[in-house]
Structure formats: C-alpha cells, structure tokens
Amino acid sequence: MKGSQPEAYFFEGDDQTPNNPALPLLVYRSVVSIGASADAAHRFETIFAANGWGDGWRNGIHSFLHFHTSTHEVLGIAAGQAIVQFGGGEGRALQVQAGDVVVLPAGVGHQRLQASRDLLVVGAYPRNGRFDQKRPGEVDAKTACRAVALVPLPEMDPVHGADGPLKNLWRY
C-alpha cells in the first residue's frame, strides 16, 4: 500500500459540533491503486476488516452536517472525488479522491459539499465503538463533548494495523 504517512488536522469544538480537540482527523492519500470501483471497494473492506474495523457500508457522504459521539469512523474513497467540510462551520474543506482514506475521530463534524457522480465510499467503525449519528441541535453540546471523550481508542490503525501511524498520532 502507498501513502503510509497521513495528513493530520485538529478541530476545536464549536457551537454546532463537538469535534475532537484531542485527536486529529487523518487523511491517507493513495492507499490503494484504483481500477474498477467495485474492486477498490472490496479492497478497502478487506483492509479495514483485517485491522479490526467493521460494520461496513457502501454509499456516499451525507450532504448535511453530522458527527458520531460513540465511535470513530473510517472512509475509503473507492471511486470518484468529493469536497468534504470537516470540523463543522469553522472547519476545513478538503478534497478527497479515489484511493484516499479518511479516519475521523469521534465528534468530528463532516458533510459533503460537492462530489462527482461516481462517488463511492466504503465506511467502517472500530469493533470497540458503538454507532450513532447526530446533527447539530440533536444533542446538548456538553453532553456530546463528554460522550466523545469517553470513546475508546481503536485497537488498530484501519489502514496499517497494529503498527500504523494512528497509534502515535492518537497518543496510545
């Protein structure tokens, strides 16, 4: 696999999303070589599962701002490209494309701003998390921040396993 050192982005909480000031969002570029989109999706599913990230899905990225207070999330871009706002209104818009992986710490807001018609995303969650999906206003900000702080660290980096960069960047 290519692209072993991820880009790291920190987001402070704001009045819409708790974000996660302790853990950076990670973007791994060009993790897999892209051929047919179904093959890339299967490759992401295989990589994530081998590293303890499951309960996967295939779809896109929601166009509305949302976050998870009980789990971290990994997104593998299997086809197409998108511009995604991470960190809520005060966050940062990043372009992701086929082959990239984004690891979102619990609490980090995200929403699709633009996408190609062929966008296909594979998502998964660490086995020690519990899925939830919240939008701004659906949960009290202090309650959300407390919940995010209690989410356990994943057992492994979803891309590189036990010895991946996530272990150092998320301060195990």
Which far-off residues, 5 or more places away or on another chain, put their amide H under 5 Å from the one on residue 119, with H placed in the peptide plane? 81
Amide H to amide H, which residues 5 or more places from residue 31 or on other chains are under 5 Å from it, using H placed in the peptide plane? 100, 101
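Accessible area, 1.4 Å probe, largest first: how do 117, 29, 92, 127 sort? Write down the numbers at each step before the final one.
Values: 117 245, 29 70, 92 120, 127 155 Å².
Listed by decreasing accessible area, they come as 117, 127, 92, 29.
What accessible area per residue comes out for the range 1-134, rounded to a whole number of Å², with a 1.4 Å probe? Don't jump to the answer; show the numbers that get you there.
Numbers: 5610 Å² over 134 residues.
Roughly 42 Å² per residue, with all protein chains present.
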Run the 1.4 Å probe and let me know the accessible area of residue 72, rounded to the nearest 10 Å². 0 Å²
On Cα atoms only, tilt of 37-50 relative to the major axis of the chain in degrees: 60 degrees
Vicinal HN-Hα couplings computed from phi for the range 60-75 (Karplus, 6.51 cos²θ - 1.76 cosθ + 1.60; Hz; Gly/Pro x): x, 10, 4, 7, 10, 5, 8, 7, 10, 9, 10, 7, 8, 9, 10, 10
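How large is the Rg to Rh ratio of the range 1-153 when both quantities use alpha carbon positions and Rh follows Kirkwood? Please report the intermediate quantities before stating the final value.
Numbers: Rg = 14.5 Å, Rh = 15.3 Å.
That ratio equals 0.95.
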Of every hundred units of 1.4 Å-probe accessible area on the range 39-96, the number belonging to carbon and sulfur atoms, as a percent, is 45 percent
Using a 1.4 angstrom probe on the protein heavy atoms only, line up 45, 90 by accessible area, largest first. 90, 45
More than 16 angstrom apart: percent of Cα pairs within the range 1-89: 61 percent
Measure nothing fancy, just the Cα-based angle from helix 141-150's long axis to the longest principal axis of the chain, in degrees from 0 to 90, nearest 10. 50 degrees
Using θ = phi - 60° and the Karplus curve 6.51 cos²θ - 1.76 cosθ + 1.60, what whole-Hz ³J(HN,Hα) does each residue of the range 9-19 get, with Gly and Pro shown as x? 9, 9, 10, 6, x, 9, 6, 10, 9, x, 6
Amide H neighbours of residue 128 under 5 Å, at least 5 residues apart or on other chains, H built in the peptide plane: list them. 155
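The values are calculated or read from the model by the stated rules, or taken from the named source; none is laboratory data. The model shown is predicted, which means the values in this text are computed figures rather than measured ones. Heads up: the accessible areas ignore ligands, DNA and RNA and are worked out on the full protein's heavy atoms, side chains in. Shrake-Rupley method; radii C 1.70, N 1.55, O 1.52, S 1.80 Å.
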